[in-house]
Each structure stands twice: as C-alpha cells, then as structure tokens.
Amino acid sequence: MAAEDEECELNDRQKEEIAKWFLLNSPAGEIQFVAKDLRSVLNNDKVYDDAVSYAFPLYNKSHLICLQFPNRSGDVLITSYNEVDENEFLDPRTAQVATVDHVKQVCTDVRPATDEELPSPYIEDFRCALDAEIARYVGEAYPKGVCSVFCVKGKDAELPGSDFEFVVVISAAKISPQNFCNGSWRSVWNIEFKDEEQVLEIRGKVQVGAHYFEEGNVQLDAKHECKDATIFQAPDDCAISITNIIRHHETEYLASLEASYSNLPDTTFKDLRRKLPVTRTLFPWHNTLQFSLTKDIQKELGIGK
Amino acid sequence: MEGAMGLLRRIDPKQTDTALSALLSLLPHHSSDLLSQVDQPLQVLRDADTGKEFILCEYNRDADSYRSPWSNKYHPPLDDAPFPSSELRKLEVEANEIFAIYRDQYYEGGISSVYMWEDDNEGFVACFLIKKDGSKTGQGKRGYLQEGAWDAIHVIQVGPEEEGTTRYCLTSTVMLSLTTNNESSGTFNLSGSIRRQMNMYLSVADGHLCNMGKMIEEMEGKLRNSLDQVYFGKTKEMVCTLRPPSEVVMKLPGS
C-alpha cells in the first residue's frame, strides 16, 4: 500500500498544473470559490500561490471581468486588448490606466494615461464615436452590461491613408450565488478599417455561459462566431453602421439561443430519453410475464431468435 | 473531501471525468471515498461469450475485472471473484431481461445492465444502469444532436422483509450532455448532473422487480422533468436576465 501511495504521489509541478486547470475552468464569477476549495484540497501554500498567480490574470482576461476604480470614477474591463502591462489596464473612455490586483480582483490604483498609451486624435475620433454608439446600444440591450472600444492596431496614424483595427468588448455578468445561479455574456468584435479598400471588416465572437447548481450542477456553454462588412465612412457614420451590425447579429444570436431552448423538450432531449415510452403508456411492471410469454410463444413457433 | 466535493459542484459536468481523475491523484488517500461519492460517466465493455455490451461500474468490479450480467463471467477472468447467490442471480437475470425492454421503450436504443449483490443486513442491493448515445452518429433517431450522452445510475437498497412489506431506498443519478451545432447558431451545449433519493415501503406480494421498476420509472421521469423544466429553465432564465429579449429590436429591416 505504501509503495502504491508513493507511486501516486505527485510532485509540486504536477499539482500546480492540476490547480491551474481547475482555476481556469471555473465558471463565470466562481473562481474565488474554486480557489478556496482548491486551497484546502492542495494543502500546500506554495503550490497554491503559484497556481493562483498564474491562473487569475488569464481567467480575468478571458472572462472580461469589470473592476471599479478605487475612487469610483468609473470602471475598467480586464482584457488582453487593453493590457498595458501585467497589472495595468487602459480605460480609453476616461484616458486612465488602472492598476489591478488580479487575485483579489480589485483595482488598487488609477493614473492618467500617457500620450504614448493613447491613440492619435485622428484615430480617437473614430474610437470615441464608436464608443458612444456602442455604449448607448449596450445600455439598451444589457441591463448590467459594460463595454469598451480599444484600438489594437495602427493607433498612431495621424491622417487618412493607413489601416487600423478596433476591438469592441461587451461583457455582462450576473453573479447570484445565493440563488445558486451565475452567468455571463461575452462578445468580442474585431473591426478592421481598411483604408485602401475603403471597407470595414467585422468579425464577432459571442460566448454565453450559465451555471445553476442548487442540488445539482447544470451548465450552458454556447458559442457563436460571425463575419460582416461595411463601407469606410466618416467617424460618426462608421460608428452607427458598426453598432447596427453588432446589434443585428447579437439580436439574431439571442433569438437562436431561445430557439435552441424551445427545441429541447420535443426534439433534442427526446433523442436522449423520451418522456413516455414508445407505447405511450407507463411500463407494465405488474405484468412483465407477458414479455417472457411472448418470448416462449415466439420460441415455440420458431420466429424468435 | 469537502473541498473536493465543492470543486466537483462547480466544474462543468462534461469535464467531471478530468476533474475526478485530477482529484484522485491529488488525494490518493481519499480515493475510495471519492469513488463512492462521485458518479462517473459510465464505461462499456463487450461480453466475450455473448457478444453483448455491458456497463462497468463500482458494483460489478473486483480488482481490475468486471462481471458481465449476460454470461455472469468476469472480464478479464479473475480467480476467487465474488458472485451473487444463485437465487439472487436468478432475479438479476430476469431484471436484465425486463429492464432491457423498459430501456428500449424509453430510450429507443442504448445499453442497460443490472447488478445485484447481498448486503450485510439480510437484504440485497440492486444497481440499474443505462447508457445512451443520442448523437446523430450514435443512436439519436431524430439526428438533432452533434453530441448527446445520457448516463443513469439507480442504486436500490432492499431491506429485509417485515410482515409482508420491505423498505426500498433508491438513489438515482443522471448525467447528461447535449450539443447542437450549426452555422447560424453556433455551438449550444447543456450538460448536467443531478442526484435524488426516494424511499418507499412496499408490499413484497407484487415482487421485487415490479416494485423496483416502478420506483425507477417514476424517478427517471422526475429527473428528466426537472432537468428539462427546472435546470435548463434556470440557465435560460439567466441568459434572458443578461440580455432580455426585446420585441422592439427583434425585427430589424433586412433581417
């Protein structure tokens, strides 16, 4: 037994890998709970600390979490598109950079962004117009939605004639552990402004998750990708047409999610288990003799196998 | 252990397998506790004698071998392995036959196995298992599912007979995962795992099989219903809280 245990014993590195896997696979809003359970399971602070400091930043960025500034003057989305450095994230709307504590999931400090960190005035015209339109749309469509528009390519262009790229991030989460229910909607839209072709190429990725865990564990995991395009126009017109495209695709996607749900009872779920047997009556447990009788008769008549 | 159970309550049920093996390697001293408290996705083996498939679980396992309900033989063969008494084996054979018909009527396919063994207090325990692959490449008749798995585990403790009645204590678990996938709506996956208990005192005059069967049928109906109505419903409610469907924006020009 002792030898077997030794064989099973993992080294710290393997334990850390397992810990990271659990943390990164935490459902929306649940990484803190997972970390707490993990700490007691690991019973090894070094492994725990290493895993946590690796996994939290990745989780925060992939879940597009939103943190409030310490002075309550606004909030910042944690994404890979506005990462100034490991613990610093730019909020283009207020032109501030927030310092965050990834593990505590709080914003500890905020400073004005430097000129180098911000887009040129030419780019900012487009970004700012789009931000305003998207914010209006998100305000209408998502009761708890937050959004931001980041320039991820070509932010220093001063004049027309060069390409640039924006990312629109929309994140809405509802964390309600007292009701055993958490969920998140995350959309990321890449918009490439192609100067020469005078077109805007748009790619979207939407991911929706929900977890209900009162006396059970049920999760929704839905993903969708799409593409679209529109013409290069003045900043305000671009902002309106991009927002219309995003609104259109997200509305359609919501409708298709609802359709998937309404198809469940009668089609999809039926392929797993029917509500009633093919006979449409409950199984005749009181009279199972009939099955063996049928078999005997079949045997006698030579029609059974 | 508490932490381990907490983790399993949070990880996506379709990743239970990975999570459980990770926990087993982190907590080798708790492996028997974990294996007895956590239901794992069911595995299948083919009986060498009859060619029929049977389901593997903790209840037909001894060392690394599993007893088939069809031939009553261990795969791979094993010396000194335990078998149910001949009387109980008779009931087991009958239960397997009837349960296969029940399974076919509700599942239109799938695999089932029933195992029985004597327990310490003059009664016995029966374990009814069903596994169904409802994907369109599996046995999904309607072909809607890219992936679809249903595993049901019913364990019934049957107490000793007292004045013509017996106590039946049923613990049931259903684990499922279903995925649809198409161009316009992307990937849609729901997965879940729930466990419930039911206790009944029933007259033995109707026979154990009849009593157990009725309880299982009622329980499966309840589990399916609460997954469909309550659990899936709650995730849908969550989606609609995040983004309420609005009639106004539903129909855009050109959509």
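The values are calculated or read from the model by the stated rules, or taken from the named source; none is laboratory data. Note that the structure is a prediction, hence the values are computed from the model and not measured. With ideal geometry, Cβ positions are generated from the backbone for all residues, glycine too; neighbour counts draw on all protein chains shown. SASA here: full protein model, heavy atoms, side chains in, ligands and nucleic acids out. Shrake-Rupley method; radii C 1.70, N 1.55, O 1.52, S 1.80 Å.
Quick check on the range A:238-250: of everything there that is out of contact with any strand residue (DSSP E or B) (no Cβ under 8 Å at 6 or more places or on another chain) and surrounded by 20 or more Cβ atoms within 10 Å (Cβ to Cβ), which residue is nearest to the other protein chains (Cβ to nearest Cβ)? Here the residue is A:THR243. None of B:SER135, B:SER86, B:SER172, B:SER184 is more than 21 Å from the chain's Cα centre (by Cα) and within 14 Å of chain A (Cβ to nearest Cβ) except B:SER184. The condition of being at the interface with another protein chain (Cβ under 8 Å from one of its Cβ atoms), under 21 Å from A:LEU220 (Cβ atoms) and not hydroxyl-bearing (Ser, Thr, Tyr) does not hold for B:LEU209.
Here the condition is being surrounded by fewer than 16 Cβ atoms within 10 Å (Cβ to Cβ), over 30 Å from A:CYS128 (Cα atoms) and within 14 Å of another protein chain (Cβ to nearest Cβ); of A:SER40, A:SER26, it holds for A:SER40 alone. From the list A:VAL199, A:VAL106, A:VAL152, A:VAL146, the lone residue that is open to solvent by 10 Å² or more (accessible area, probe 1.4 Å), hydrophobic (A, V, I, L, M, F, W, C) and assigned by TED's automatic domain parsing to the domain that holds A:SER73 is A:VAL106. Remark: pairs (first residue in the range A:83-94, open to solvent by 50 Å² or more (accessible area, probe 1.4 Å); second residue at pLDDT below 95; Cβ separation under 6 Å; 6+ apart in sequence or on different chains) = A:THR94/A:GLY74.
Listed here are the residues, each with its yes/no results for (1) more than 21 Å from the chain's Cα centre (by Cα); (2) closer than 21 Å to B:ASP119 by Cα.
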{"residue": "B:HIS29", "(1), (2)": "yes, no"}
{"residue": "B:SER32", "(1), (2)": "no, yes"}
{"residue": "B:SER36", "(1), (2)": "no, yes"}
{"residue": "B:GLN40", "(1), (2)": "no, no"}
{"residue": "B:ASP49", "(1), (2)": "yes, no"}
{"residue": "B:LYS52", "(1), (2)": "no, no"}
{"residue": "B:TYR59", "(1), (2)": "no, yes"}
{"residue": "B:TYR66", "(1), (2)": "no, yes"}
{"residue": "B:SER71", "(1), (2)": "yes, no"}
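Would you be able to tell me the number of residues in the range A:198-223 that are free of Cβ contacts under 8 Å to residues at least 24 places away in the same chain, of a type outside the set (S, T, N, Q) and farther than 17 Å from B:ASN181 by Cα? Number satisfying all stated conditions: 3.
Among the candidates B:ARG243, B:ARG195, B:ARG167, the residue that is more than 9 Å from chain A (Cβ to nearest Cβ), basic (Lys, Arg) and surrounded by 15 or more Cβ atoms within 10 Å (Cβ to Cβ) is uniquely B:ARG167.
Residues in the range B:59-81 that are open to solvent by 70 Å² or more (accessible area, probe 1.4 Å) and either of a type in the set (Lys, Arg) or closer than 21 Å to B:HIS154 by Cα (or both): B:TYR59, B:ARG61, B:LYS73. Of the residues making up the range A:151-165, just one is over 19 Å from A:ILE231 (Cβ atoms) and in contact with a Lys or Arg (Cβ under 8 Å, 6 or more places away or on another chain), namely A:CYS151. Screening B:ASP39 on (1) open to solvent by 20 Å² or more (accessible area, probe 1.4 Å); (2) among the acidic types (Asp, Glu); (3) over 30 Å from A:ASP221 (Cα atoms) shows it passes everything except condition (3).
Put simply, of B:TYR115, B:TYR66, B:TYR59 the only residue that is in contact with a Phe, Trp or Tyr (Cβ under 9 Å, 6 or more places away or on another chain) and in the same structural domain as B:GLU220 (by TED's automatic domain parsing) is B:TYR115.
The residue pairs whose first member lies in the range B:89-101 and is of a type in the set (D, E, K, R), whose second member is open to solvent by 30 Å² or more (accessible area, probe 1.4 Å) and part of a helix (DSSP H, G or I), and whose beta carbons are closer than 9 Å, counting only pairs six or more residues apart or on different chains, are B:GLU94/A:SER292; B:GLU97/A:PHE291; B:GLU97/A:SER292; B:GLU97/A:LYS295.
Could you say whether any residue in the range A:44-59 is within 17 Å of A:ILE175 (Cα to Cα) and buried (at least 21 other Cβ atoms within 10 Å of the Cβ)? Yes, the range A:44-59 contains at least one residue that is within 17 Å of A:ILE175 (Cα to Cα) and buried (at least 21 other Cβ atoms within 10 Å of the Cβ). For B:ALA205, the criteria (1) under 22 Å from B:LEU88 (Cβ atoms); (2) part of a strand (DSSP E or B); (3) over 13 Å from the mean Cα position of the chain (by Cα); (4) small (Gly, Ala, Ser) hold in every case but one, which is (2). When the range A:262-279 is examined, which residues are found to be within 7 Å of chain B (Cβ to nearest Cβ), in a helix (DSSP H, G or I), of a type in the set (Ser, Thr, Tyr) and surrounded by fewer than 19 Cβ atoms within 10 Å (Cβ to Cβ)? Selection gives A:THR267 alone. Counting only strands (runs of 3 or more DSSP E) wholly contained in the range A:78-190, the ones carrying 2 or more residues that are within 20 Å of A:LYS205 (Cα to Cα) and within 17 Å of the chain's Cα centre (by Cα) occupy A:145-153, A:164-176. In this entry, B:THR137 passes the filter for residues that are at pLDDT below 95, within 25 Å of B:LEU176 (Cα to Cα), open to solvent by 40 Å² or more (accessible area, probe 1.4 Å) and β-branched (Val, Ile, Thr).
Every test in (1) modelled with pLDDT of 95 or more; (2) assigned to a helix (DSSP H, G or I); (3) of a type outside the set (S, T, N, Q) is passed by A:ASP5 save one, and that test is (1). On the basis of being of a type in the set (Phe, Trp, Tyr), more than 14 Å from every other protein chain (Cβ to nearest Cβ) and open to solvent by less than 10 Å² (accessible area, probe 1.4 Å), does A:PHE126 make the cut? It is false that A:PHE126 is of a type in the set (Phe, Trp, Tyr), more than 14 Å from every other protein chain (Cβ to nearest Cβ) and open to solvent by less than 10 Å² (accessible area, probe 1.4 Å).
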